[in-house]
Amino acid sequence: MNKPMILVVEDDAPIRNLITTTLRAHDYRYLTAANGEGAILEASSHNPEIMLLDLGLPDMDGVEVIRRVRTWSDLPIIVISARSEDADKIEALDAGADDYLTKPFSVEELLARLRVTQRRLAAQRPGGTVEAVFTNGRLRVDYAAGCAFLGEQELHLTPSEYKLLCLLSRNVGKVLTHTYITQQLWGRSWDNDVASLRVFMATLRKKLEQEPGSPQYIQTHIGIGYRMLRVE
Amino acid sequence: MSAGAGRTEPAVRGGRLTIFAGCAPGTGKTYAMLQAALRAQAAGVDVVTGTDGGRWPETRALAETLERLPGRAEAGELDLDAALERGPALLLVDDLGRHNGPACRHRKRSQDVEELLKAGVDVYATLNVTCIESLQDAVQSILGENLPDRVPDGVFDGAFQVVLADWDPSGLPARLEGRFTSAQLTALRELALRRCADRLARESRGEPEGYRAAEHILVCLSSAPSNARIIRTAGRMADAFHGALTALFVETGEFQHVSGADRARLEEHIRLARQLGASIETVYGDDIPYQIAEFARLSGVTKIVIGRSAVSRRTPWGKPVLTERLIALAPELDIHIIPDQGTLTAPRRPRPLAAFLAPPPLRDLAKSALLLAAATLTGFIFYYFGLTEANIITVYLLSVMLIAVVTKSSVCSFVASAGSVLIFNFLFTDPRFSLHAYDSSYPVTFLVMFLAALLTGSLATKLKSHAQRSAQLAWRTGVLFETNQSLQKAADAGEILAVAAGQLVKLFGRDVAVYEARQGALESPRIFPAGGQKGDYPWERRVAEWVLKNNRRAGAGTETFSEAPCLYLAVRAGDRVYGVIGLAAGDRPLEAFENSILLSILGECALALESRRNAREKEEAAVLAKNEQLRANLLRAISHDLRTPLTSISGNAGNLLSHGALFDEETKRQMYEDIYDDAMWLINLVENLLSVSRLEEGRMTLRLSTELMEEVVGEALRHVDRRSKDYHLTVESGPEYLLARIDARLIVQVLINLIDNAVKYTPPGSHITITLGRMGEQVRVSVADDGPGIPREMQQRVFDMFFTGANRIGDSRRSLGLGLALCKSIVSAHGGEISVADNKPHGAVFTFTVPSGEVELHE
């Protein structure tokens, strides 16, 4: 796999070193920026393929960086946040971030997130347009026919479950917040809708996953949302 | 009394009042004030004038050089709101004694000034000394007329400074010619000088507030026009003796029949007494001297001031006069009798006679006639059977007594007394059917019979009114008791106010509005309609806010916002106002009895609110102290226990840095692992500490949402100690989806702690089972292991903070004893319970419950 160019935006030098050391050890190419302005400059001039962005920057809020970058670029952004408050992550995700890491994070976790994003990039690249059929491991969603298969077997999904599956598969690799999902499904996001979403998710998983205890396709992010993983 | 008890002392806080006093119009007060203002302006003070300088050209010219108060100020009115909004450092006001027009908030200008001072504005004001309340009698005797504009003495005495614009009356300005005679002016000037000297003397003594209690002066209130004079005398006396002043109103049975004009005058007198710094009390009873003496004895009164009219009026039965009885009842009291000047009195009160002569209702007359007829019938029967006349007389006496009992008007019993004598004479004495009587002893019989009938009748009436009064008193006591009871049951401030409002509605049958005060602002009103349907009173928030700010009553029947349709009272204890209650004024003002019960209820209400507040404050202080204690313990424990892993991390890392080459791969690996493990331990500790601080900060910030328990457990399993892979971890849950109303982050922390504990305290290879289940309205989660278990005696204490089982288990790692204590706080914060029990055949089971959640699915 061709290793992508990664932009590391982090003001704290030891953490930046940790990340760059890890990246170097795994043969990634990288750029660094220590503040928001630098990040935007690097992103616009060197066209990196993935951005690792710390939310607490000295000159501007990380969420603001995401908003500015999103005005011209779709590059995947993985947010790194020391804040344990979920609200910040949700704000970043809703602003257009693709994934998040919470400090303290392990090196393994960082690498796993990068791999997920890479796979997503790889899957997107060939067509560039929305495919009529989505394939992910044994899962196959035929958007045109409006049905989904696991292996050769058709999944019997309720309309809500199918809509949910489509939403997740179209955003494979991306963490979708509860608010985003409920907005997309029902056009609103009340507390009851989030609770309903959990139940639909549970029923969908029961049909989709071999072992609902350790899910393969759909990952839960407590307090944040869900993500469909790219399965080899 | 709720509003204005005690002296008005406007200059105590906020702005300062400087009074430019003179003894008559045109003595140069305004000129002196404007001059002083110009000096102040030259010194850099922000001066605004609320007066155009008045009638005289000199002063007008001076006033024009100053900034004029913006806003409406037609016809000499002061625009209070404009003044408050402009908020100058110094405001000039003309004629402090003036009565305001109907468009103004306050009835008197002195009240405007008081509000300005409270708002921190310094005020220069002119004042005719003749307007001072306590000098009214002297002014009246000098000028022979009564001046309508009055200023309470408190305003004058409380002023920061009084500048007397004096001049020699011999060089009388031409403009005053004709208005006053020279003699009058001299007298007025003397009055003004003396009043200013009094003020100075008082100031130089600098009497402390508590000193007032040395003498206690009592003045009796009545609706007699001469009463005002007596009250003023008492006020001056209280001042002279530096004593406390109490105004007492004895409400008798007759008060029910008092006319509206008299009632209004009584109200006026109460207001006057209050202005003079008296506290107002009301007692009930027909025996006025006894009531006065009792009150005086109970409240430590030393001097009583009464008018002569009260002295000279004799009761019909020739009882000793009031003073004599008072002297007999309270021999230790000084009694001051004030002569009653006829000049002041309106026509002598015809009150008792008028009430007596008022035509009785037809019903009462009919009842009387019926009873007399029945007596006559009985008389005929007695006569027929030859019973003596004495028996017949007794029957008539009985009928008169019955009439007195069943009728309301005292005319009836009088008429019945006379009637019974006449009828008896006409029907039963020889010669019968004529008003003549042969026997010479009959006139005596008739007289005795008439007097006996009259006495019986009036005694019965009196008895009835006594019974009524005590019933009323008992009712009042009952109401207060009931109010007290329900106030104690009320759970929160809103409910306390609602209970009080409910009682007021029940008592007065008027609509009540309640504004609760919260952080110095009023909430939106809650209306308690009297008649079931909503009254359409324009509840005036403006007035209620004024009441809140000034801690005084306002609205209908008061001096402030008199045009408002409702009366607004503060619910207060001490200086703190807990809310404002608005009472629809209706078409009649509150009677003294109603007023006192209203104040009692508001007082009870305020007390309840205050005690609740105190209890809460105490609770908060206790919680705070507990948190402090907790924090101190935590810091101690942390600073001690953090050193160990930090030493290990820094030591190992240092070794690797400097002597990395010396170690073999195996040793290095061990060192890396130690660093990693200790760092992980620190991370876990930090997570727990964050949760603790969130819970213990006093703000229980649970972010509840409906979560699927399986997801929560899954999340927890991703974060448990990495050594857990040496254990057999299983999750058991039923087929149904378990939803719970929880703060997911915190419950995940609980699960992590429980699972980590199981890993920590059991040997590798043990089985750890997480079971999910439903138990009624709760979701039950248990974490069971098959390790050595926890001894019974320790099970009680494992949830205590800083308790650790480390000493018992040889290979255990360090622990802060924080994890389980945190679990307990989190679970209790959710309203659940956590417990530990023995597992079969060995091991421990930790079980906790959290509230289950519901969800509506819409496909």
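At a glance:
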read-out: Search result, residues across the range B:181-191 that are aliphatic (A, V, I, L, M) and closer than 12 Å to B:Thr27 by Cα; value: B:Leu185, B:Leu188
read-out: First in the range B:674-693 and away from chain A (no Cβ under 12 Å) and more than 20 Å from B:Ile747 (Cα to Cα), second anywhere and in a helix (DSSP H, G or I) and among the β-branched types (Val, Ile, Thr), Cβ under 6 Å, 6 or more apart; value: B:Ile675/B:Ile649; B:Asp678/B:Ile649
read-out: Close pairs (6 angstrom Cβ cut-off, 6 or more residues apart or separate chains): of a type in the set (D, E, K, R) in the range B:428-441, in a loop (DSSP other than H, G, I, E, B) anywhere; value: B:Asp430/B:Tyr438
read-out: Residue check, B:Arg745 in the same structural domain as B:Val836 (by TED's automatic domain parsing), in a helix (DSSP H, G or I) and either surrounded by fewer than 17 Cβ atoms within 10 Å (Cβ to Cβ) or modelled with pLDDT of 90 or more (or both); value: no
read-out: Among the residues listed as B:Ala24, B:Ala32, B:Ala42, the single one being surrounded by fewer than 18 Cβ atoms within 10 Å (Cβ to Cβ) and among the hydrophobic types (A, V, I, L, M, F, W, C); value: B:Ala42
read-out: Any hit, the range A:189-205, residues being closer than 23 Å to B:His719 by Cβ, more than 14 Å from every other protein chain (Cβ to nearest Cβ) and of a type in the set (A, V, I, L, M, F, W, C); value: no
read-out: Of all residues making up the range B:304-332, the number that are outside any loop (DSSP other than H, G, I, E, B), exposed (fewer than 15 other Cβ atoms within 10 Å of the Cβ) and modelled with pLDDT under 70; value: 1
read-out: Only listed residue being exposed (fewer than 13 other Cβ atoms within 10 Å of the Cβ), aliphatic (A, V, I, L, M) and under 17 Å from the mean Cα position of the chain (by Cα), chosen from B:Ala493, B:Ala521, B:Ala500; value: B:Ala521
read-out: Among the candidates A:Lys103, A:Lys89, residue that is crowded, with 23+ Cβ neighbours inside 10 Å and within 14 Å of chain B (Cβ to nearest Cβ); value: A:Lys89
read-out: Subset of the range B:751-772 [within 14 Å of chain A (Cβ to nearest Cβ) and at pLDDT below 90]; value: B:Ile752
read-out: Test for B:Asp149: is it under 24 Å from B:Gly555 (Cα atoms), assigned to a loop (DSSP other than H, G, I, E, B) and touching a residue at least 24 places away in the same chain (Cβ under 8 Å); value: yes
read-out: Selection count, the range B:500-512, where residues are modelled with pLDDT of 85 or more and farther than 16 Å from B:Ala606 by Cα; value: 1
read-out: Residues being at pLDDT 85 or above, in contact with a helix residue (DSSP H, G or I) (Cβ under 6 Å, 6 or more places away or on another chain) and part of a loop (DSSP other than H, G, I, E, B) - total across the range A:60-110; value: 4
read-out: Filter result for the condition that a residue is assigned to a helix (DSSP H, G or I), within 29 Å of B:Gly285 (Cβ to Cβ) and not assigned by TED's automatic domain parsing to the domain that holds B:Tyr284, over B:Ala453, B:Ala373; value: B:Ala453
read-out: Hey, B:Ala416 surrounded by 18 or more Cβ atoms within 10 Å (Cβ to Cβ) and outside the structural domain of B:Ile597 (by TED's automatic domain parsing) or not; value: yes
read-out: Residue selected from the range A:154-188 under the condition more than 14 Å from every other protein chain (Cβ to nearest Cβ) and of a type in the set (D, E, K, R), by the criterion nearest to A:Gly225 (Cα to Cα); value: A:Lys174
read-out: Residues being surrounded by 13 or more Cβ atoms within 10 Å (Cβ to Cβ), over 20 Å from B:Val444 (Cβ atoms) and at pLDDT below 85 - total across the range B:381-401; value: 2
read-out: Check on B:Leu127, of a type in the set (A, V, I, L, M, F, W, C) and either under 19 Å from B:Thr51 (Cβ atoms) or assigned to a strand (DSSP E or B) (or both); value: yes
read-out: Residue that is in a helix (DSSP H, G or I) and farther than 30 Å from B:Asn595 by Cβ, where the choices are B:Ala437, B:Ala390, B:Ala467, B:Ala474; value: B:Ala390
read-out: Selected residue (only one of B:Arg780, B:Arg792, B:Arg813, B:Arg808 is away from chain A (no Cβ under 14 Å), modelled with pLDDT of 85 or more and surrounded by fewer than 21 Cβ atoms within 10 Å (Cβ to Cβ)); value: B:Arg780
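The rows are residues; the columns are (1) in contact with an Asp or Glu (Cβ under 6 Å, 6 or more places away or on another chain); (2) outside the structural domain of B:Leu84 (by TED's automatic domain parsing); (3) modelled with pLDDT under 85.
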site	(1), (2), (3)
B:Cys104	no, no, yes
B:Ala119	no, no, yes
B:Thr126	yes, no, no
B:Thr130	no, no, yes
B:Ile142	no, no, yes
B:Asn146	no, no, yes
B:Asp149	no, no, yes
B:Pro152	yes, no, yes
B:Ala159	no, no, yes
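The values are calculated or read from the model by the stated rules, or taken from the named source; none is laboratory data. This structure is a prediction, so every number in the text was calculated from the model and none was measured. No Cβ is skipped: glycine too gets one built from the backbone with ideal geometry, and neighbour counts run over all protein chains shown.
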